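Student: One structure follows; several queries about it will come next.
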Amino acid sequence: MKTRRVYSTPDLVQARQALAVARKAGIANEDLSLIARHEIELDAIPESRKDEHTDFMPAAVRGVAQGGATGLVAGLVAIMIPPLGVTIAGALGVTAAAAVMGGWVGALTGSAAPDPVRQKFEGEIEAGRILVVVDGEGEEGQRADAAILATGATALPFDKPTALS
């Protein structure tokens, strides 16, 4: 499982240096992103490097899992009540419908909530600093960590598993 690490840099030059050394350390391009104030993102950061502004995907995944679990329990309970006449196929249908509904509700909710990194380090972002977000596994993550710190970036207290890795 990948771990998300966040670093603070004072400007785009240092952020680009941090991205370059992370790539050299073995971090894939899709596992690197930047977060900055809105006007900095619009002017200086390429679209492919911008981090998601919302919690959309992780919330959708949580919604599918929770909805599916709830639907499975409801379906199994319905099977146990003979007058309802629910079959195993019916229970699976309830599970699938609940998972879809949970994913939809989770995605809608997540699209309105800022992502956790943006929430936690709002002060850094508003101060004009650029955050470098790295999702790395094991040894490559540790190599990238050391290389990024050597560029002068500051490690921020965010060391959590990536939701979709």
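Student: From the backbone phi of the range 59-68, what are the Karplus-calculated ³J(HN,Hα) couplings (6.51 cos²θ - 1.76 cosθ + 1.60, θ = phi - 60°) in whole Hz, Gly and Pro given as x?
Tutor: Going residue by residue, I get 5, 5, 5, 4, x, 5, 5, 5, x, x Hz, with x marking Gly and Pro.
Student: Now, a different point. Give, in whole angstrom and from largest to smallest, the semi-axes √(5λ) of the equivalent ellipsoid of the range 68-135, with λ running over the eigenvalues of the Cα gyration tensor. It would help to have the intermediate numbers written out before the result.
Tutor: Numbers: eigenvalues 389, 19, 14 Å².
With the √(5λ) rule applied to the range 68-135, the semi-axes are 44, 10, 8 Å.
Student: Just need the relative contact order of the range 56-112 here, percent rounded to a whole number, with Cα pairs under 8 Å and 6+ apart.
Tutor: Computed over the range 56-112, the figure is 57 percent.
Bear in mind that the values in this text are calculations on the coordinates, not laboratory data. Owing to the predicted nature of the structure, the values given are computational and were not obtained by experimental measurement.
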